[in-house]
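Encoded as structure tokens, the structure appears first; notes follow it.
What follows is calculated from the coordinates using simple rules that are stated; it is not laboratory data. Here the structure is a predicted model, which means the values were calculated and not measured. With ideal geometry, Cβ positions are generated from the backbone for all residues, glycine too; neighbour counts draw on all protein chains shown.
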């Protein structure tokens, strides 16, 4: 899973990353941009596996292999 924190004071949001790193980035943002405020905002959770390969590259590889096989038969 990946996490992203959104600032409750401005439009800032962290990049998608681990939960602890996103929290560290949020706290650093508050310390830099909103020094007198307690860190707040919201957290978004991306439940998809960021390491997973989507089906589009797999389809492309399959078509490429079929093309190679077809050209070898001629």
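Worth pointing out:
- Residue 21-residue 58 FRET efficiency (beta carbon distance; Förster radius 22 Å; 0.05 resolution): 0.15
- With Cα atoms, 0 to 90° folded angle of helix 55-73 axis to the chain main axis: 20 degrees
- One chain, two ends: residue 28 and residue 71. Fully extended at 0.36 nm per residue, the span grows by 9.8 nm beyond their Cα-Cα distance.
- For the chain, a/c is not less than 1.5, where a ≥ b ≥ c are the root eigenvalues of the C-alpha gyration tensor, and a/b tops b/c. That puts it in the prolate class.
- Ranked by the mean number of other Cβ atoms within 10 Å of their residues, highest first, the peptides 7-13, 24-30 come out as 24-30, 7-13.
- FRET efficiency for the residue 38 to residue 1 pair, using the beta carbon distance and R₀ = 22 Å, is estimated at 0.30.
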